[in-house]
Amino acid sequence: MENILVVENLSHIYSAGTPFEKKAVDGVSLSVRRGEIAALIGHTGSGKSTLIQHFNGLLRPSEGRVLINGEDIFESKDTVRAARFAVGLVFQYPEYQLFEETVYKDIAFGPGNMGLDSAEIDRRVRESAQIAGIAEDVLEKSPFELSGGQKRRVALAGIFAMEPEVLVLDEPMAGLDPAGREDVFRFIKEYKERHGTTVIFVTHSMEDAARMAERLIVMRGGSVMLDGTPAEVFAHAEELIASGLDVPQVTRVFMRLRELGAPVDTAVYTVPQAAELLLRLKGVR
Amino acid sequence: MLKDITLGQYFPGESVMHRLDPRTKLVALIVYVVMLFVAKGTASYLLCAVCAAVLIAMSRVAPRLILKSLKPVIVIVIFTAVLNMLYTPGRELVSFWIFKITAEGVYNGVFMAVRIIMLVAVTSLLTYTTSPIALTDAIEHLLSPLKKLKVPVHEFAMMMTIALRFIPTLIEETDKIMSAQKARGADFESGNLLRRAKALIPVLVPLFVSAFRRADELAVAMECRLYHGGEGRTRLNVLRFSRLDAAAAVLVICFVAGVVLLNRVSL
Ligand SMILES: Nc1ncnc2c1ncn2[C@@H]1O[C@H](COP(=O)(O)OP(=O)(O)OP(=O)(O)O)[C@@H](O)[C@H]1O
Ligand SMILES: [Mg+2]
């Protein structure tokens, strides 16, 4: 599989040249393969949101480059605009960005900006509304009448409808109840399966990351601290905890087991995995 | 981006200038500005300039920032200086076409320019070293005699404090919403005026919605804490004059005396 998104030695400095100067991202290099689903994890202020805003050219790197399909996105005005459509970015609390009179029109805003014809827009709006679990009759309502969770779905559908090659989400599940989190999780999965999209999402929850992603990228202080499969990353459970990050509860259980002398690995991060490992352990004895 | 526009442009610090009572600073600034207009002749202007330089040095604010604050007025400075040069009658230096530059004109022009520059530099020094909240507090205090005349000084000060408090929040919010709409392909940079104005709708609607939501929340929060105006209200940070302020007052008086005396020295 080829790399769809490549970040080369990227740094970003906010308010350069003032007393408030702040290096938010510091020498990050990444490559993301087409169709991959990756979670970006890190402490508050570790530069996750700053990093992802470079992926579609909203922020210009102070240093380094971002390549989409091998092309530098800051080559010209057109490449920046192309990057906006190739990479769909969903901000944190996207429900605060709704503005149209009806849900339908709001979802159609993105595709409309892409200059598609109205039949294609209609197809995309209906399809993405369906994926995001928005009922037909809601489409004609005002987005301001909806509940917080419903607004979140509309905002997600608004990006889905642009059919980006890479979907980037900043804490898509923040502020939702467990059922709501589960829903959002499902919509993203479903959308990805239909379109083969590459997905990168930011999260604070190691559980969510471990459950959803096949790759974890852990950031600390603006740089990448760990990058690999969940098993690889959670093998460094002690390091993660030492730097103030959480690990899934089952991983903690296994860390404790190992402390007590059981011959187990800490690269365990889901309950079924844990169950299987424990059974095997018992069978051996 | 939008965030780089510093409004109120306060830079926190620990210098003497930061520690002075905001009332002292405000009154001193008013005195300084008045003296700038009272000053006549090179000697008094020199004193004003030296004072400004000393104040800036004491504040530990980077001189670069002071220069930055002068940028917006540079056009006015040049314009005033040129007008003064051309239209002051007196001994002619050079003349061309219908213009003539006089010695008095050059003299006046330079002084006007210096006056405006010092005025802006020292005023921005005040805003650089005093938080907007402290400044409104000081204004409220200084205007409190007007309360006797039933002027709602406290309410005005509260409105100003809230407005100042929310300017950065709203700027940040605008930035966020703009980014979010750009991510959906909104284009704020191209097209004619009408198109650009229309492009702002996706920003303005969510911005107003959130501003009203915030106002509502703030009102409820204030009511929950039994806010009922200025009557009998005490403060967390009581403004107190210290020895530093007394010293500053003495220096201000010396400065006034200095300018008045130097005005008599003809140079
Ligand atoms: N617009 C901005 N101007 C100046 N500094 C900023 C700006 N945005 C973020 N920062 C700073 O950059 C650093 C990284 O911020 P960023 O928002 O990328 O962190 P994050 O990892 O997304 O955190 P969180 O988990 O809280 O969302 C922080 O220290 C923050 O204060
Ligand atoms: Mg963030």
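FYI, it's all coordinate maths here, none of it is from the lab. Remember, predicted model here, so these are calculated numbers, not experimental data. Because the Cβ atoms are built from the backbone with ideal geometry, glycine has one as well, and the counts that use them run over all protein chains shown.
Descriptive notes on the structure:
- Count Lys and Arg as plus one, Asp and Glu as minus one, and take only other residues whose Cβ is under 13 Å from that of B:ALA199; the net charge is then +3.
- Sequence-distant residues sharing a close amide H with A:VAL25 (under 5 Å, placed H): A:HIS12
- Rounded tilt (10° steps) of A:249-259 against the dominant C-alpha axis of chain A: 20 degrees
- Loop-exposed trypsin sites (Lys or Arg not before Pro) per DSSP, neighbour cap 12 Cβ within 10 angstrom, longest uninterrupted part of chain B: B:1-90
- Each residue of the stretch B:125-134 is assigned a 3J(HN,Hα), and the resulting list reads 4, 4, 6, 5, 9, 10, 5, x, 5, 4 Hz, derived from the Karplus form 6.51 cos²θ - 1.76 cosθ + 1.60 (θ = phi - 60°), x at Gly and Pro.
- Helix B:22-38 axis, angle to chain B major axis (alpha carbon atoms, nearest 10°): 30 degrees
- Length-normalised contact order of chain A in % [C-alpha pairs under 8 Å, at least 6 apart]: 21 percent
- Under-5 Å amide H pairs with A:VAL202, H placed in peptide plane, nonlocal only: A:LEU40, A:LEU169, A:ASP170, A:GLU171
- Förster radius 41 Å - calculated FRET efficiency between B:ARG196 and A:PHE144, Cβ distance, rounded to 0.05: 0.95
- Across A:LYS23/B:LYS176; A:LYS77/A:LYS141; A:LYS77/B:LYS198; B:LYS40/B:LYS150, pairs whose alpha-carbon gap is larger than 29 Å: A:LYS77/A:LYS141; B:LYS40/B:LYS150
- Net charge dipole size for the protein assembly as shown [Lys, Arg +1 and Asp, Glu -1 on Cβ; Debye, nearest 20]: 2280 debye
- The stretch A:1-130 - charge dipole about Cα centre, Lys and Arg +1 at Cβ, Asp and Glu -1, debye rounded to 20: 220 debye
- Measuring r between the beta carbons of B:ARG64 and A:GLU238 and using R0 = 45 Å, the FRET efficiency lands at 0.45.
- The length gained by stretching the chain between B:CYS224 and B:ASN237 to full extension, at 0.36 nm per residue less their Cα-Cα distance, is 2.5 nm.
- Within 10 Å of each Cβ in B:181-193, the average number of Cβ atoms from other chains: 6
- Separation of the alpha carbons by more than 22 angstrom is noted, of A:LYS22/B:LYS182; A:LYS189/B:LYS182; A:LYS48/B:LYS182, for A:LYS22/B:LYS182; A:LYS189/B:LYS182.
- Unit charges on C-beta of K, R, D, E only; dipole of chain B, Debye: 140 debye
- Along chain B, the longest continuous region that contains none of the GluC sites (Glu not before Pro) in a DSSP loop with at most 14 other C-beta atoms within 10 Å is B:15-188.
- Positive-end extreme of charge dipole, chain A - chosen from A:PHE91, A:HIS204, A:TYR269 (charges on Cβ): A:TYR269
- For A:ALA275 and A:ASN3, the difference between the fully extended length at 0.36 nm per residue and the C-alpha to C-alpha distance is 94.4 nm.
- B:THR169-A:SER31 pseudo-label distance in nm [points 7 Å out on the Cα-to-Cβ vector]: 4.6 nm
- Order of A:PHE234, B:PHE96, A:PHE109, A:PHE20 - criterion: other Cβ atoms within 10 Å of each residue's Cβ, fewest first: B:PHE96, A:PHE20, A:PHE109, A:PHE234
- Which of A:THR229, A:THR251 has the fewest Cβ neighbours within 10 Å, and the rest in rising order: A:THR229, A:THR251
- Simple spin-label estimate for A:THR102 and A:ARG194 in nanometres, 7 Å along Cα-Cβ: 2.0 nm
- Pairwise centroid distance, computed over Cα atoms, of the stretch A:30-53 with the stretch B:149-189, Å: 30 Å
- Efficiency of FRET between A:GLU63 and A:ALA174 - r from beta-carbon atoms, R0 35 angstrom, step 0.05: 0.75
- In this structure the amide hydrogen of A:GLU36, modeled in the peptide plane, comes within under 5 Å of the amide hydrogens of A:VAL199, none closer than 5 places in sequence on its chain.
- Part-to-part distance (alpha-carbon centres) for the stretch B:231-245 and the stretch A:139-164, which is given in Å: 50 Å
- Nearest 10 degrees, 0 to 90: helix A:178-195 Cα axis against chain A principal axis: 70 degrees
- For chain B, the residue among B:VAL94, B:VAL75, B:THR127 whose Cα projects farthest onto the positive side of the dipole built from Cβ charges is B:VAL94.
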